Amino acid sequence: MTEQRQHHPVVRYEFLIAERPSGAVLASFPELTSTPGPMGGTALFGEIEDAAHLHGVLGRFQTFGIDVIEMRRLPD
């Protein structure tokens with residue numbers, strides 16, 4: 001008998017920040033890809049596995065003193 005695990009699909013998120021973080025800071029977000037933001041900051045986007053992962057990413061922003069201007073769930 002095999003155990004079935006409940007599958008939670010990953011969700012893509014985008015985070016807009018005003019800063020242009022250094023490469024060392026960006027390395028602390030391996031699950032996110034960065035691009036220049038639409039208003040001069042940085043857009044970071046990637047797959048987030050679940051609520052705990054999302055809170056962990058937000059906590060890392062806080063650790064580095066990075067204010068998230070906007071966060072949004074991207075369409076599938």
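The values are calculated or read from the model by the stated rules, or taken from the named source; none is laboratory data. Just so we're clear, the structure is a prediction, and the values are computed from it rather than from any experiment. These accessible areas exclude ligands, DNA and RNA; they are computed on the full protein's heavy atoms, side chains included. Shrake-Rupley method; radii C 1.70, N 1.55, O 1.52, S 1.80 Å.
Checking (1) 58, 17, 5; (2) 27, 13, 10; (3) 40, 14, 7 against semi-axes √(5λ) of the Cα gyration tensor in Å calculated from these atoms, the matching label is (2). The phi-based Karplus calculation (6.51 cos²θ - 1.76 cosθ + 1.60; θ = phi - 60°) puts the 3J(HN,Hα) values of the stretch 40-53 at x, x, 9, 9, 10, 9, x, 8, 10, 6, 6, 4, 5, 5 Hz, whole numbers, x for Gly and Pro.
Expressed as a whole percent, the accessible surface of the chain that belongs to carbon and sulfur atoms is 53, based on a 1.4 Å probe. For the chain, the solvent-accessible area of protein heavy atoms averages 72 Å² per residue (probe radius 1.4 Å; ligands and nucleic acids excluded).
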